[in-house]
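J.: Sharing a structure below in structure tokens format, with a few things to ask.
Bear in mind that the values in this text are calculations on the coordinates, not laboratory data. Computed from a predicted model, the values in this text were never measured in an experiment. Ideal geometry is used to build each Cβ from the backbone, glycine not excepted, and the neighbour counts take in all protein chains shown.
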Amino acid sequence: MRLLFITGVQTPGETADRIAALIPGCRCEEGREKPMELKRLSLADRELISALFCDVFTHAPWHDDWSDPEQLNAYIDDLVGQRCSLALGYFDGEKLAGLAMGYIKHWYAGTEYVIDEYCIDRRLQGRGIGSAFLRAIEAYLTGQGIRRMFLQTEQDAPAYAFYRRRGFQELTGHVSFSKEIKP
Ligand SMILES: CC(C)(COP(=O)(O)OP(=O)(O)OC[C@H]1O[C@@H](n2cnc3c(N)ncnc32)[C@H](O)[C@@H]1OP(=O)(O)O)[C@@H](O)C(=O)NCCC(=O)NCCS
């Protein structure tokens, strides 16, 4: 379980144009002929999504066990195939380099993007792509009138510092509860 509530708030005054202008400015795109592209994903992209998701999260630091294909398919259905699902891919040409999966939540204080899974292809991590993808997502959400992102991770995961350094604020008052249901 990737836990710990973190919320991302856009800086007041940031317009879609200004954020979009930031997208090409990532380290990974220096010398790149074609900028990377954000695209909305659907269940038609299941194979691409499953391959990237499994490769990232079955390795360090998560070591998730996604060896049950039925459970994996059901999870991808949960994240990508529901009415409020929002799955976004970050493409280098035809290649899926990054993945954000979650849903739109119509909260009373404003509509949010709740991100359940966020990852970059293991071979491409550490090159600025995760940061550029986040900026592209913010620009996309701004265009949809969505002003907040919400996600969870673990305090000792490398991603914790990644999110904090990219403007996400830790919701220290929040706790996550879990209870095992015994038959
Ligand atoms: C976390 C993740 C999305 C960051 O994307 P990225 O493209 O590697 O990140 P960038 O190159 O834009 O930025 C690198 C920063 O991320 C940090 N980082 C986190 N995990 C990293 C990893 N596995 N490899 C390299 N850098 C990583 C680096 O320390 C660096 O920090 P700094 O620039 O603030 O000093 C990506 O590394 C990843 O998919 N990790 C595995 C899956 C994961 O943990 N997802 C989040 C679960 S909640």
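J.: I need to check one value: relative contact order of region 84-183, counting alpha carbon pairs closer than 8 Å and at least 6 residues apart, in percent. Walk me through the intermediate numbers first.
T.: Working: 110 pairs, mean separation 20.2, N = 100.
Value for region 84-183: 20 percent.
J.: Next up: Quick one: Kirkwood hydrodynamic radius for region 51-102, alpha-carbon pairs, angstrom, one decimal?
T.: 12.0
J.: In µm²/s, what is D for region 26-183 at 20 °C and 1.002 mPa s, where D = kT/(6 pi eta Rh) by Stokes-Einstein and Rh is the Kirkwood radius from Cα pairs?
T.: For these conditions, the coefficient is 128 µm²/s.
J.: Indicate the gyration tensor shape class of region 97-183 (rounded, prolate or oblate), computed on the Cα atoms with a ≥ b ≥ c the square roots of the eigenvalues: a/c under 1.5 is rounded; otherwise a/b larger than b/c is prolate and the rest oblate.
T.: The shape class here is oblate.
J.: Using Cα positions and a limit of under 20 Å, work out the lysines in reach of residue 95, with same-chain residues fewer than 8 apart set aside.
T.: Answer for residue 95, where 20 Å is the Cα cut-off: 34, 39, listed by chain and number.
J.: Sticking with this one: Compute from the Cα atoms of region 31-124 the Rg and the Dmax, the latter being the longest Cα-Cα distance, and quote both in angstrom.
T.: 14.0, 44
J.: Order these peptides, 57-64, 152-159, 136-143, by their mean beta-carbon neighbour count within 10 angstrom, highest first.
T.: Numbers: 57-64: 11.9, 152-159: 14.4, 136-143: 20.9.
Descending packing order for the listed peptides: 136-143, 152-159, 57-64.
J.: Here is a follow-up. Taking 0.36 nm per intervening residue step and subtracting the Cα-Cα distance, what contour gain separates residue 47 from residue 83 on full extension? Could you put the intermediate results ahead of the total?
T.: Working: separation 36, 0.36 × 36 = 12.96 nm, distance 2.02 nm.
Here the segment from residue 47 to residue 83 would lengthen by 10.9 nm.
J.: Still on this structure, I have one more. Suppose each label sits 7 Å from its Cα in the direction of the beta carbon; what would the residue 176-residue 94 distance come out to in nanometres?
T.: 3.7
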